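Before any comments, here is the structure.
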Amino acid sequence: MSDFINNFWNMYVVVLVVASLLFCAFIVLSNRSARPKGPVELHGHQWDETLAEWNNPLPRWWVWLFWITIIFSVIYLVAYPGLGSLGNALGWSATGAYDKEVATAEAKVAPLFDRYAAMDIKQVAADPEARAMGERLFLNNCAVCHGTDARGSRGFPNLTDKDWLYGGEPETIVATLTNGRNGAMPAFGGALDSEQVRDVANYVRSLSGLAADSIRVQRGKTLFATNCVACHGPEGKGNQLMGAPNLTDGIWLYGSTEPIIVQTITKGRAGHMPAHEELLGEKKIHLLAAYVWGLSNKGDGAK
Ligand code: HEC
Ligand code: HEC
């Protein structure tokens, strides 16, 4: 199989490699290796006053070393990749070698993963070695979005608090990691005009005790009851089945200022947590879930 986009580069490499091998052979051949018939003579070149060159042949062993390297490179190019996409009789490839190394490494840690996979997530969370493994997995796979300290940032939930969009039970965390999550807050920019959006935004702010315009809060309450309770619940406490956040707890995924809430309501939000099932597999997810659960349950089982 050729890794080149078109055959030109393949041929380019083949021609370069063959030409340089032929050139080396030519250089070796064109140098004299037989003893001259007559007496050995000076070439007439002279350097550094007394350094002169005789027309002695190259030492035979030295010429042979050149031939051996040339023959070696031909054998090498038949056995391993190098001559464009030709040769490679052994079928070696960099990715193949990498896969093999990964497989060996995984086989080494497999018993560890197996041991934790058989344990309850809360028990795993209490095991310092498992937590260290979970942390490394977290840093490699999750920290880009949730931060190295797992405290998240705007749009990326904090995983160290007790506030959950989808739920903080070990099984729920496993489901989140395995299948991913898509938060779907619809855009109300079409259904509500900008005054109504501000009214309902003020009502939302009042739910967690933030400063709000009381007249807008009154109007917003009615709008909330018709438009928002289906997901956020009659009291605005959210619904973990759809990942609708609790709007009363003072913890914000996107922000609590009026302009940000207005933006959330007008344009909607669509937080996306990617599925990790294929990337990590069940056992790593088990460890990671234990690590994440442990972050917000220090003291209850996890140390
Ligand atoms: C591409 C960014 C991204 C990556 C990578 C990512 N996450 Fe997430 N994660 C999110 C977003 C965004 C959400 C919130 C989804 C929503 O708004 O509905 C989320 C939600 C979650 C939740 C649910 C939190 C709750 O309150 O219910 C958990 C748990 C979680 N992530 C853990 C992880 C772990 C563990 C990893 C690493 C395997 C990871 N995430 C990798 C972006 C990411
Ligand atoms: C279809 C269900 C649904 C409806 C209806 C809905 N929401 Fe949401 N809302 C969500 C979801 C899900 C999220 C989380 C989005 C994410 O994770 O990206 C959310 C997020 C929010 C946020 C962001 C909270 C934060 O922590 O930053 C606010 C504010 C909000 N909704 C207010 C409202 C208001 C006001 C209404 C009514 C006008 C409303 N929602 C209607 C599902 C809904």
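The values are calculated or read from the model by the stated rules, or taken from the named source; none is laboratory data. What you are looking at is a predicted structure, and each value in this text was computed from that prediction instead of being measured. In this analysis, Cβ positions are derived from the backbone assuming ideal geometry, glycine residues included, and neighbour counts consider all displayed protein chains. These accessible areas exclude ligands, DNA and RNA; they are computed on the full protein's heavy atoms, side chains included. Shrake-Rupley method; radii C 1.70, N 1.55, O 1.52, S 1.80 Å.
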Say we look at the stretch 177-188 and pick out the residues that are in a loop (DSSP other than H, G, I, E, B) and more than 9 Å from ligand 2 (Cβ to nearest atom); which of these is least open to solvent (accessible area, probe 1.4 Å)?
G180
Among the residues that make up the stretch 71-90, is at least one of them touching a Lys or Arg at 6+ places or on another chain (Cβ under 9 Å) and either in a helix (DSSP H, G or I) or over 30 Å from G134 (Cα atoms) (or both)?
no
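Hey, could you check the stretch 163-176 for residues that are open to solvent by less than 30 Å² (accessible area, probe 1.4 Å) and not hydrophobic (A, V, I, L, M, F, W, C) and say which is nearest to ligand 2 (Cβ to nearest atom)?
Initial filter on the stretch 163-176 (open to solvent by less than 30 Å² (accessible area, probe 1.4 Å)): 167-168, 170, 173, 176.
Checking which are not hydrophobic (A, V, I, L, M, F, W, C) leaves us with 167-168, 170, 176.
Values: G167: 13, G168: 15, P170: 21, T176: 12 Å.
Filtering the stretch 163-176 for residues that are open to solvent by less than 30 Å² (accessible area, probe 1.4 Å) and not hydrophobic (A, V, I, L, M, F, W, C), the one nearest to ligand 2 (Cβ to nearest atom) comes out as T176.
Being of a type in the set (S, T, N, Q) and assigned to a helix (DSSP H, G or I) is the filter; apply it to the stretch 189-212 and report the residue that is most open to solvent (accessible area, probe 1.4 Å).
If we filter the stretch 189-212 for residues that are of a type in the set (S, T, N, Q), which is where we start, we get 194, 196, 202, 206, 208.
Now narrow it down to the ones that are assigned to a helix (DSSP H, G or I): 194, 196, 202, 206.
Values: S194: 87, Q196: 58, N202: 5, S206: 41 Å².
In this case the residue turns out to be S194.
For residues that are polar (S, T, N, Q) and within 14 Å of ligand 2 (Cβ to nearest atom), scanning just the stretch 126-162, find the one that is surrounded by the most Cβ atoms within 10 Å (Cβ to Cβ). Break it down stepwise before answering.
As a first pass, look at the stretch 126-162 and keep what is polar (S, T, N, Q): 140-141, 148, 153, 158, 160.
From what's left, within 14 Å of ligand 2 (Cβ to nearest atom): 153, 158.
Working: S153: 11, N158: 18.
Across the stretch 126-162, the extreme among qualifying residues is N158.
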Members of the stretch 81-117 found to be of a type in the set (F, W, Y), open to solvent by 50 Å² or more (accessible area, probe 1.4 Å) and within 30 Å of H286 (Cβ to Cβ), listed by number
Y98
